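The values are calculated or read from the model by the stated rules, or taken from the named source; none is laboratory data. The shown structure was predicted, so the numbers you read here are calculated from the model rather than taken from an experiment. So basically every Cβ, Gly included, is an ideal-geometry build from the backbone, and we count neighbours across all protein chains shown. Note: areas computed on protein heavy atoms with side chains; ligands, DNA, RNA excluded. Shrake-Rupley method; radii C 1.70, N 1.55, O 1.52, S 1.80 Å.
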Amino acid sequence: MMKLMREGQVYELLLVSKSNVTPVGVVRKGETLHFKLFPGKSFRDLLEHNRVALQMAWDAELLVKTALNLDVELSFESDGQYRWISNLPGWLGKVQCRRELWKDELGTTEVLKCEFFPEKELAGNVQQVPFTRADCILVEMAVLFTRYLVKPTSELKNKILDLYALYKHLGGNSDAVEYIVRHLD
């Protein structure tokens, strides 16, 4: 399954830690996956327990809702060391992280730069939904919105609203996108 991921491209996967689920942008380098985490629940979880699941989802709304901590219905399994979402493909494995300072236009913060070493593949039965252009816009809106929450700027707000117009034009109808637009100040 790892071989299906092209090296150097960013894939949105679900990181399942001991108490949280969040999407992360993952890049394959050889037989390991690399990602960075900004402060939050998963960040704290990884500092305490380095065994996680990385799982694939073809549902853009699930990715966005977990990023925004909105309600989603998920079923979990556990073996004592790992916790994972039932019926989603992916891997169980260990993560090695190092703390680094991250500086961008939003400011400076600490991040965890992580390398995931898969130990076990998880089989799954993912509903095969055709790719939609609206889903791409939804994910990008969520990324910009999480940045907007850190540092609200009119530039970010306008980008989100422009994407919202395109999203609606492309037939998108997620309640998650409506949540985003409602929470722009």
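Quick notes on this structure:
- Computed over the range 133-183, relative contact order equals 52 percent, with contacts defined as Cα pairs under 8 Å that lie 6+ residues apart.
- Inter-probe distance in nm under a simple model that places probes 7 Å from Cα toward Cβ, at HIS183 and THR132: 2.1 nm
- Here the chain is assigned +1 on the Cβ of each Lys and Arg and -1 on the Cβ of each Asp and Glu. Its dipole about the Cα centre then comes out at about 480 debye.
- Of the labelled figures (i) 43, 39, 30; (ii) 119, 39, 32; (iii) 60, 48, 28, only one reflects Cα extents along the principal axes in Å as derived from the coordinates, namely (i).
- Split the accessible area of the chain by element, probe 1.4 Å, and carbon with sulfur accounts for 49%.
- Once the 1.4 Å probe is applied to the protein heavy atoms, the range 133-183 comes out at 57 Å² accessible per residue.
- Residue among ALA165, ALA57, ALA134 with the largest mean-square fluctuation in a Gaussian network model of the chain, springs linking Cα atoms under 10 Å: ALA165
- Accessible surface, the range 2-122, averaged per residue in Å² (probe 1.4 Å): 53 Å²
- For the chain, calculated [θ]222 nm from helices alone, where every DSSP H run of n ≥ 4 adds -39500 (n - 2.57): -9500 deg cm²/dmol
- Sparsely packed trypsin sites (Lys or Arg not before Pro) within the range 1-88, loop by DSSP, other Cβ within 10 Å at most 11: ARG6
- Distance (nanometres) between label positions extended 7 Å along Cα→Cβ at LEU68 and ASN158: 2.3 nm
- Simple label model, 7 Å out from Cα along Cβ direction - TYR11 to LYS94, nm: 2.2 nm
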